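Let me begin by presenting the structure, written as structure tokens, before commenting on it.
What follows draws every value from the coordinates through simple rules; no lab data is involved. No experiment lies behind these values; they were computed from the predicted model shown. A quick note on method: Cβ atoms are made from the backbone with ideal geometry, for glycine too, and the neighbour counts reach across all protein chains shown.
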């Protein structure tokens, strides 16, 4: 049964639409303003949205614009149903990504025909998308890892053989540092390959409802110990153990331990990489209502509001000025892992002063 979300501030119109749609086999959700409609659309992810234009708190155009910016709901068919149906209003709605525009009043036949048309097109697009997803998933999961990892395995094995052969050589002192350089470069490349593959899988998963429904419900019961362990390891690796400051609370969270370690590793690595030695990297954690928040702050170069807004995978800011290793996937991977588990990530920054990354994770069910 398809679910239709009706957003309209006129109770008579809303109730009438609900009666007609339920009579013809649809399940319905209703909202009396744009703000509530947006919340319902995000939470319930209906099959189609019927929306008025002129409404209190948030008009229909704002609802549509906001939905089209959210990857989890941006493809839901959206139909305007309004008395404001002149050409300019229709053009504005279509430019924002509306799928159709019905003028009030419309007949039951016109309404049902428009809905069936849009739902049919959406189903065809989803079927084709699923085919492409399956092909891409197969390529990533089978072909790419093998193609990337096999040459790297050969490099690692060759380096170890060289070390054995050079162990008693007169040239050992001169050549062994070269093998270490090769191994370090290969390890860095291996890490980038792993992040690339993880990012690709996450980009597929975030757009694939079936994948999210299959996620395990694994919990982490002592995140503070994981934060301490990961933070200490990364601080020691950066030779900045004295810069790490921890102020942690514990709580059971609805987030797998492996994913938590990955998120913390990416964010803490950035915190130390992009801040100078002998400045603090502060990590705090505490319970806020029904969530667990972890904040990571550093005193590095930071980001402007525009840079935060446009943050995405494969992006590093000021790369021409600051030559840093990596391809900017760390924050994107952390964000996607959190998003898949109904968590979130936010960044606040004062350039050249302070940057704070805050992750929010649901508490484990009591």
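Divided by 2.2 N^0.38 Å, where N counts the residues, the Cα radius of gyration of region 3-106 comes to 0.96. Applying 1/(1 + (r/R0)^6) with r as the Cβ-Cβ distance of residue 150 and residue 192 and R0 = 22 angstrom yields a FRET efficiency of 0.85. With only Cα atoms counted, region 1-44 has Rg and Dmax values of 10.1, 27 Å. Per-residue Cβ neighbour counts within 10 Å put 357, 331, 193 in the sequence 193, 331, 357, beginning with the fewest.
Considering only C-alpha atoms, what is the centroid distance from region 258-273 to region 24-55, in Å? Centre-to-centre distance over Cα atoms comes out at 38 Å.
Multiplying the residue separation of residue 236 and residue 364 by 0.36 nm and removing their Cα-Cα distance gives an extension gain of 43.0 nm.
At a 10 Å Cβ-Cβ cut-off, how would you order 1, 58, fewest neighbours first?
Numbers: 1 7, 58 16.
Ascending Cβ contact count within 10 Å gives the list 1, 58.
Subtracting the Cα-Cα distance of residue 163 and residue 228 from 0.36 nm times their residue separation leaves 19.9 nm of extension gain. Ranking of 348, 291, 220 by neighbouring Cβ atoms within 10 Å, starting from the fewest: 348, 291, 220.
Based on the Cβ-Cβ distance of residue 104 and residue 23, what FRET efficiency does E = 1/(1 + (r/R0)^6) give at R0 = 25 Å, to the nearest 0.05?
Working: r = 19 Å, r/R0 = 0.77.
Calculated value: 0.85.
Site pair residue 304 and residue 290 shows an inter-label distance of 4.0 nm when each label is modelled 7 Å from Cα along Cα→Cβ.
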